[in-house]
Structures are given as C-alpha cells and as structure tokens.
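Peer 1: The structure is given below, and queries will be raised subsequently.
The values are calculated or read from the model by the stated rules, or taken from the named source; none is laboratory data. This structure is a prediction, so every number in the text was calculated from the model and none was measured. Cβ atoms come from the backbone with ideal geometry, glycine included; neighbour counts cover every protein chain shown. When the accessible area is computed, the model is the full protein with side chains, heavy atoms only, and any ligands, DNA or RNA have been set aside. Shrake-Rupley method; radii C 1.70, N 1.55, O 1.52, S 1.80 Å.
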Amino acid sequence: MENAVGLVITGGGARGAYQAGVLKRVGEIKRVQARGNPFPVIGGASAGAVNGCALAVGCDNFALGTKILADLWAGLRPSDIFHCDLVSQAHNSLTWILDLSFGAILGGGNARSLLDATPLRNFLNRHLNCDRIQENIKRGNLYALAISATNYNSGKSYLFIQGAKGHALWNRLRLATVATKITVDHVCASAAIPLVFQPVRLKIPRGSAFFGDGCIRLQQPLSPVIRLGAEKVFAIGVRCGDREQLDVSSSERDPSLAQVMGVLFNVMFLDHLATDIEHLERLNHLLEDGHIVQPDVEERAKIRPLATLVITPSVNLSELAGQHQKDMPYLIQYFVSSLGRDAASCADLMSYLLFTSKYTRDLIAIGYHDADERIDEIEEFLYSEGNGAGTAANGTRGSVRPRA
C-alpha cells in the first residue's frame, strides 16, 4: 500500500460530531468523490470507533457515507444513547445507594454505570450493517479497520482488527491484537465511557471478558494504523489546543466530582493524541540532528519519515457545551449538575455527554468549517506522493515512526 493514508479518530463522547463535520467536508473533495475512500486503513477508539466503523461500512461511496454519518449525528437525541426516563434513573440511583450504603451487608457490585447505554446498541444496530465491512475489504475499498477497547478483567488494551488477508498482528505487554469480524458489540465496548456507560462482554480467543472505553489504555493512538501499513496519517482531534480546560481555579473550594471527572476524561480522550504527535516530532528532530543512527538495522525495522496532518477544533468545545447544558433532558441535567457546583464546573464533563441535536449540529458545523479552511492542504496531503515530513494542521511538523 504505497503512500497509503491512515485515518486516526480518537474518543470524545458527543464531541465525535466534530469528527463527522471534518469528514463530511473531506468527502466533498472532487478527487475523493472520483477516486473513492482516501483512507484504506482506519483506526478508531470510543466515539472514534463509531465513526470509524460507519466509514468502513459506507466507504464504497465515501462522499455519501460521510454525509449520512453527519446527518445521523445532527439528528441525535440523548434517548438514542442512554435511558433518560424517571424509572430508569430512579432504578440506577437506588442501585448505587444500596451498593454504597449496604453493599457490605447485602452484597455489592450491582451498580455498573451512572447511565444505562442500552439504547446505543439498538441505535447502532439500526444504522450500521457491519457485514458490509468485509464486502468493502473484498472489493478493495478498505484494507483494515482497527477498533480499540480495554479489557476490564485483565487491564490490557485490545485491538480488534478486521482486514485483508495477511494484515499485521502484534502483541505487547499490555496490548493484544485480535483478528475478528467487527460487530456492533465491539463498537459499543469501545464507546463505553468508564463509570458512565456499562461494560460490554466480548468474545476473545480464550473465552470472554468485559470491555470498556478504548481510550483508557490507548496511549499511542497513531500506532495501530502505522503498524497496519499506513505511510501517512490523517488524525482528527477534539481538543482546542491548550485552552480546552476551563479555568475555574479562582475558587478556593475543593474541586467537585464533576470537575474531577472532566479532568480525567480530558486526559483519557484528549491528551494521548497530542502526546503521540509530540513524540513523533521529537523523533524527527533527533533524526535531523543526527542523534539517531541505524547502520546495522534491517530496512523494514528502521525509523522512517511519517507525514502527519492533524485537524483540531478552532473553538473551545467545553465552553460551547456550557451554552447547551439546558438542552439536556431535565433528569440528566439535574443528575450531572448534582456532581458539580455550577455550570462551569460541569462543562468539561457535559461536553462528552451532550448528545443533543443543537450541540452536535454546532460541532458538525465547526468541524466542517475547520476542514474547509484547510481543504487545499488536506487534498494535497491525501494525494501527494512520498511520505516525507509535512506540516500538521495544529502547527506541528511531520514526524517519524518505526516501520511496522
């Protein structure tokens, strides 16, 4: 796959709508419409797994597939993702109260999550025909789809890969790769935000295990697509530079639970991609300065130049979420607000849970605009020959990576 471009789309809950906006604009490029899917290798985690699977399903008509994906995000309702009714919330709250108050006497461990994400599986089953992934692989529209999830039983990160015959498989101390047919269950497992959504049971080579969000242990989100043969990497982040974390430090009070959860989610969903890009940049500088020499290394194992292009939001999505908090169903709004002291302390957390059409439409519009602003650069990146270092949309330069 010479000059193959790998697509990396990481997690972010409701922020995944931003990725859909970027992809919709990419799908409108004339050469993309003429030549088809520009991303033979797709890697996704959490919300990125949802978007990645949707692309893999519809990549036989990439332009149409990206439009459908954006339309789905635009029409999203919280009830499509989790139960919002009084009975479900009351039952869930009672389970937590019993576990925390009387678990040692009555037997605990019954509370699985803060919200019941059963509707998400039903929603994905209606809109994702995962059988089409293999059809697209056979037709040459796709080389491989990789979805990350975290095994709660072993603590390992699992990479579930559906790809063409002979695709790479590798294992590390805390990572296992599995060649399998990707299903809606794999997507739900990867998207199961820890504590918020319940774990999902998946079959693995030795029995089965419960899995949660793929971003928990995915510290190198670029690695899967590179090892699967990508020569260039196009990544879509969901963080607006270093200004993403809202400044509520003026308060002398202890941070609320909502603030703590928001920080943890920012680390899990936002920081790993930026850190991996920084690592590539550091390697690139070391090569340029002659600090890395590889005289006795086999050609396939040598560190090589890797062009990267990263698109990130031009606005602070936490601040945007703060403007849309009242769009959430009252019970969920009340529940989240009870974890914080004010709207500002809940904004980071809410930015991941705001599966409302007004918020997602704004995110799609921002993503579309950000991609449109750099559309010439994106097209040049997708179709230029060679894999030398390039310039990323967030200001970083191209990088290097060991050949898989």
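Peer 1: Of the options Cys53, Phe123, Ser113, report the single residue whose Cα projects farthest towards the positive end of the charge dipole of region 1-124 (beta-carbon charges: Lys, Arg +1; Asp, Glu -1).
Peer 2: Cys53
Peer 1: What spacing in nm lies between the two simple spin-label points modelled at Glu380 and Leu86, each 7 Å away from Cα in the Cβ direction?
Peer 2: About 6.0 nm separates the two model spin labels.
Peer 1: Follow-up. Which value in nm describes the separation of the simple spin-label points at Asn110 and Arg206, placed 7 Å from the Cα toward the beta carbon?
Peer 2: In this crude spin-label approximation the distance works out to 3.3 nm.
Peer 1: Sticking with this structure for a sec: Can you order the peptides 358-371, 118-131, 139-152, 203-216 by their average number of other Cβ atoms within 10 Å per residue, highest first?
Peer 2: Working: 358-371: 21.7, 118-131: 16.1, 139-152: 24.0, 203-216: 19.1.
Sorting 358-371, 118-131, 139-152, 203-216 by mean packing, highest first, produces 139-152, 358-371, 203-216, 118-131.
Peer 1: Express in Å², to the nearest 10, the accessible area of Asp85 obtained by rolling a 1.4 Å probe over the protein heavy atoms while all chains stay in place.
Peer 2: The value for Asp85 is about 70 Å².
Peer 1: Under the 0.36 nm per residue contour assumption, what length would be gained going from the current alpha-carbon distance of Ala34 and Asn153 to full extension?
Peer 2: Working: separation 119, 0.36 × 119 = 42.84 nm, distance 4.58 nm.
Roughly 38.3 nm would be gained on extension.
Peer 1: While we're on this one: Report, to the nearest whole %, how much of the accessible area of region 32-77 belongs to carbon and sulfur atoms, 1.4 Å probe, protein only.
Peer 2: Details: 760 of 1390 Å².
Percent of accessible area from carbon and sulfur atoms in region 32-77: 55.
Peer 1: Note down the nm distance, to one decimal, between modelled labels 7 Å out along Cα→Cβ at Asp271 and at Gln294.
Peer 2: The modelled label-to-label distance comes out at 3.0 nm.
Peer 1: Multiply the residue separation of Glu135 and Trp170 by 0.36 nm, subtract the distance between their alpha-carbon atoms, and state the gained length in nm to one decimal.
Peer 2: Working: separation 35, 0.36 × 35 = 12.60 nm, distance 2.46 nm.
Gain on stretching Glu135 to Trp170: 10.1 nm.
Peer 1: By average Cβ neighbour count within 10 Å, what is the ranking of 163-176, 31-44 from highest down? Don't jump to the answer; show the numbers that get you there.
Peer 2: Details: 163-176: 13.6, 31-44: 21.6.
Output ranking for 163-176, 31-44: 31-44, 163-176.
Peer 1: Quick check: residue separation of Val263 and Gln219 times 0.36 nm, minus the Cα distance between them. What number comes out in nm? Don't skip to the end; give the middle numbers.
Peer 2: On the way: separation 44, 0.36 × 44 = 15.84 nm, distance 1.64 nm.
Additional length available on full extension: 14.2 nm.
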